[in-house]
Amino acid sequence: MKKTLLASVLIGLGLTAVHAHAADNELNLYSARHYQTDEALYQDFTKQTGIKINRIEAKEDELLERIRNEGANSPADVFITVDASRLAKADELGIFAPVKSKVLEERIPAHLRTDNWFSYSTRARLIVYNKETVKPEQVQTYASLASPELKGKVCTRSGSHPYNISLGAALINHEGAEKTEKWARDLVANFARTPKGGDTDQIKAVAAGECGVAIANSYYLARLMNSTKEEDKAVVAKVGAVWPNQKTWGTHINISGAGMLKHAPNKAAAVKFLEYLASDSAQKYFADGNNEWPVVQSVKVTNPALEALGDFKADTLPVGDLAKTAAEAQRIYDRAGFR
Ligand SMILES: [Fe+2]
């Protein structure tokens, strides 16, 4: 009865039915990643292992709510999402089980994993500027975005978005809460417009001249750089990109990552999947499919946009630490009116 109800709810949502008991060669994946190219990644896993993936895709909070409501009966084996603070928040809810894996320890750098969850790709939060109205020398650091000379020129997505909260969390870690609060206030004073839209919208607004400068994740810019659409090429032609903070702690990076759930019915398959995500072929999917950097250093990137963007010094703050200051970052943004 319970299963029928679950199945009908899932069918109502247009999702695959998943079972809470262990099934031969199946893996139940709860995913909050929002990239179409992930399909190829999951198919490759099935081809390599014979393990079928039942994927439930929804927004982060819905999935977490669901995992908690399902409790010990949850069919979820692996939870995969983007953003370090979100993963750490999920971890704080106690939903993950620790995974001890030599493969993961060897392949993923220590600062990009915790005992309970692992990063599989990185993206950088970079500064995009309009080549006609802003000089790259003016925007070499995150701090520079708050300088008076950029008054009325700065665009960004909402301050409550995890990408910006994680950036704030990194700033608190490196520069302290007080400095970060002043930065947030001065940043808001520099806004060209009230925050709206996603990172791609900010890049387009910079190209259009509505903003002089914006903060955006590297993969959105790389996606535009690799696009064959004329309108995207026109956007790319108008903008330049800076890796912020190269002379200090490096450019803030965020991650996508995954962990095995405490009540996973298919634990062996879950570990296989987590290890698969760190394999050469999976790492290439992240780089080629979604314009992210592989976490495994030996994997060569062949993505034209990533190659064009080149090397940079990335922040090496342990990703697990970002969550410790994320709530404070949000409070600071709220006080500063960065909404
Ligand atoms: Fe995104």
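The values are calculated or read from the model by the stated rules, or taken from the named source; none is laboratory data. Fair warning: this is a prediction, and the values are worked out from it, not measured in the lab. In this analysis, Cβ positions are derived from the backbone assuming ideal geometry, glycine residues included, and neighbour counts consider all displayed protein chains. Calculation scope for accessible area: heavy atoms of the full protein, side chains included, ligands and nucleic acids excluded. Shrake-Rupley method; radii C 1.70, N 1.55, O 1.52, S 1.80 Å.
I'd like the full set of residues that are under 19 Å from residue 331 (Cβ atoms) and either part of a loop (DSSP other than H, G, I, E, B) or among the aromatic types (Phe, Trp, Tyr) (or both), limited to region 181-194.
183
For (1) within 16 Å of the ligand (Cβ to nearest atom); (2) of a type in the set (Phe, Trp, Tyr); (3) more than 16 Å from the chain's Cα centre (by Cα), each residue gets a yes or a no:
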residue: 50; (1), (2), (3): no, no, yes
residue: 69; (1), (2), (3): no, no, yes
residue: 83; (1), (2), (3): yes, no, no
residue: 87; (1), (2), (3): yes, no, no
residue: 90; (1), (2), (3): no, no, no
residue: 103; (1), (2), (3): no, no, yes
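I'm checking my understanding of the structure. Among residues of region 66-77 that are buried (at least 24 other Cβ atoms within 10 Å of the Cβ) and not acidic (Asp, Glu), which one is farthest from residue 38 (Cα to Cα)?
Of everything passing the filter in region 66-77, 75 is farthest from residue 38 (Cα to Cα).
Taking only region 195-229 into account, find how many residues are outside any helix (DSSP H, G or I) and touching a residue at least 60 places away in the same chain (Cβ under 8 Å).
9
Out of everything in region 230-260 that is open to solvent by less than 50 Å² (accessible area, probe 1.4 Å) and part of a loop (DSSP other than H, G, I, E, B), what residue ends up being farthest from the ligand (Cβ to nearest atom)?
Filtering region 230-260 for residues that are open to solvent by less than 50 Å² (accessible area, probe 1.4 Å) and part of a loop (DSSP other than H, G, I, E, B), the one farthest from the ligand (Cβ to nearest atom) comes out as 249.
Looking only at region 192-208, which residues are surrounded by fewer than 21 Cβ atoms within 10 Å (Cβ to Cβ) and within 14 Å of the ligand (Cβ to nearest atom)?
Of everything in region 192-208, those that are surrounded by fewer than 21 Cβ atoms within 10 Å (Cβ to Cβ) and within 14 Å of the ligand (Cβ to nearest atom) turn out to be 197, 198, 200, 201.
Which of the residues that make up region 120-129 are among the β-branched types (Val, Ile, Thr) and buried (at least 24 other Cβ atoms within 10 Å of the Cβ)?
127, 128, listed by residue number.
From the list 149, 132, 178, 137, which one is open to solvent by 20 Å² or more (accessible area, probe 1.4 Å), more than 16 Å from the ligand (Cβ to nearest atom) and in a loop (DSSP other than H, G, I, E, B)?
When all the criteria are applied, what remains is 132.
Considering (1) over 23 Å from residue 255 (Cα atoms); (2) surrounded by fewer than 17 Cβ atoms within 10 Å (Cβ to Cβ), say which one residue 211 fails and leave the rest.
Status for residue 211: all satisfied but (2).
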